[in-house]
Amino acid sequence: MTLTGAALLLTERSLAAELSDLACPAVFIDDEKTFARESGENLEHESTPGNLAYVIYTSGSTGQPKGAMNRHAGLSNRLQWMQQAYQLTGADHVMQKTPYTFDVSVWELLWPLQTGARLVLAAPDGHRDRDYLLREIERQEITLLHFVPSMLKVFVAGPEVGERCRSVRCIVSSGEALSAELQKEVHDRVGTRLENLYGPTEAAIDVTVWSCEARTDGKVPIGKPISNTELFVLDGAQELVPVGVKGELYLGGAGLARGYLGRPDLTAEKFVPHPYSTGARLYRTGDVVRYLADGNVEYLGRADSQVKIRGFRIELGEVEAVLNEHEGIGQAVIVVKEQRLVAYVVPQNGS
């Protein structure tokens with residue numbers, strides 16, 4: 001709570017004993033006395049599209065989490081685009097299973113409520129339990145849900161998945177690179193629409209989309225920008241690179257976050273002046289991509305040591321720095337193998 005600078009916490013009386021070290025007041029929403037004297041009228045407010053909608057923390061190269069501040073305008077644009085693209089109706093049942101520390105949970109919660117669809121809340125940690133998910137998809141007749149690719153691979157394993165997912169009309173995947181092999185598995189075993197979305201925490205959830213279909217080169221692009229979003233592939237001098245040439249992906253447009261909470265230095269470093277629009281900004285993603293001839297963007301990797309494991313952004317240098325602080329370790333190197341972090345260490349002399 002100190003990190004966020006929150007002025008107030010809404011919680012329940014049963015949790016009071018666990019909140020003794022709070023740096024801000026707590027209001028218990030299940031305490032009738034709290035609200036008995038208050039007016040039942042709607043509150044007056046002066047909020048605008050530029051006000052903050054949410055702050056979500058993500059990894060940073062310094063080892064300190066950084067809070068990306070996203071605006072109502074960006075979130076509204078993202079939800080309106082999704083409704084135009086997928087046409088949710090009152091007949092749809094959407095499963096909310098992403099932990100609230102991931103921005104995907106924002107659209108899982110708000111989109112069905114906005115459109116009158118049925119919102120089904122999965123049990124805590126239910127996203128990790130394949131049997132539970134299959135059982136709930138059948139029982140609740142889920143029509144749309146989201147998976148990180150590494151968890152999608154586990155989910156579609158087994159011959160029974162197609163039979164038990166007959167109600168599913170669309171699976172949305174994001175958070176990691178989607179492989180051509182997994183794309184084929186989903187189509188073969190589930191036989192439903194598969195959408196590959198891409199977006200950093202520093203924008204309102206997603207900024208590109210690719211409706212999955214087989215390609216002759218076996219690659220799965222991250223696609224084209226969603227509504228009111230700009231993509232630029234630039235070189236080290238922030239000049240445009242030709243089609244087919246790799247460069248760093250820069251983002252602009254309605255979905256861009258305001259910056260990092262309490263970090264003007266980092267905001268200035270990552271949210272840079274727009275080279276082609278006076279007064280606007282672009283976000284440097286650190287992702288290496290290239291434009292394809294058909295206008296789609298293909299993800300190639302990172303420009304730094306950041307990796308993604310099960311949707312978590314991890315700076316390998318952070319982990320190495322912590323290990324190197326141990327008195328028994330002289331040097332440590334971290335690598336990624338099969339969705340796991342593996343440490344190689346050289347002991348200190350005498351350790």
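A value for semi-axes √(5λ) of the Cα gyration tensor in Å was derived from the coordinates, and within the list (1) 46, 39, 21; (2) 51, 40, 21; (3) 31, 29, 25 it appears as (3). Using helices alone, I'd like the mean residue ellipticity at 222 nm for the chain: each DSSP H run of four-plus residues gives -39500 (n - 2.57), total over residue count, nearest 500. That calculation yields -6500 deg cm²/dmol at 222 nm.
Only protein heavy atoms count here; under a 1.4 Å probe, F271 has an accessible surface of about 10 Å². Might you tell me the accessible area per residue for the stretch 87-237, computed with a 1.4 Å probe and given in Å²? For the stretch 87-237, the solvent-accessible area averages 43 Å² per residue.
Just reorder W81, W107 by solvent-accessible area, largest first, 1.4 Å probe, all chains present. Present the calculation step by step, with values, prior to reporting the outcome.
Details: W81 25, W107 0 Å².
Descending order: W81, W107.
This model, with +1 at the C-beta of Lys and Arg and -1 at the C-beta of Asp and Glu, gives the chain a dipole about its Cα centre of some 640 debye. Descending by average beta-carbon neighbour count within 10 Å, the peptides 286-293, 172-179, 85-92 line up as 172-179, 286-293, 85-92, the highest first. Protein heavy-atom surface of the chain, 1.4 angstrom probe: 52% of the accessible area is carbon and sulfur, with nucleic acids and ligands not counted.
All other residues with a Cβ under 9 Å from the Cβ of H146 taken together, and with Lys, Arg as +1 and Asp, Glu as -1, what is their net charge?
Values: positive: K97; negative: E108.
Taking every Cβ under 9 Å from that of H146, the sum is 0.
Only protein heavy atoms count here; under a 1.4 Å probe, E181 has an accessible surface of about 120 Å². Here D206 sits with roughly 10 square angstrom of accessible surface, probe radius 1.4 Å. What does the charge count near D31 come to, summing +1 for each Lys or Arg and -1 for each Asp or Glu among other residues with Cβ under 13 Å from its Cβ? Result for the neighbourhood of D31: -1. Taking Cβ atoms as reference points and 14 Å as the exclusive limit, the residues near H187 contribute a net charge of +1, counting Lys and Arg as +1 and Asp and Glu as -1.
Sorting V190, V322 on solvent-accessible area from highest to lowest, probe radius 1.4 Å, gives V322, V190. Ignoring lysines fewer than eight residues from K97 along the same chain, the ones with Cα atoms less than 18 angstrom from its Cα are K153.
The values are calculated or read from the model by the stated rules, or taken from the named source; none is laboratory data. Please read these numbers as outputs of a predicted model, since none were measured by experiment. All Cβ positions, glycine included, derive from the backbone under ideal geometry; neighbour counts span all protein chains shown. Surface areas here come from the heavy atoms of the whole protein model, side chains and all, with no ligands, DNA or RNA. Shrake-Rupley method; radii C 1.70, N 1.55, O 1.52, S 1.80 Å.
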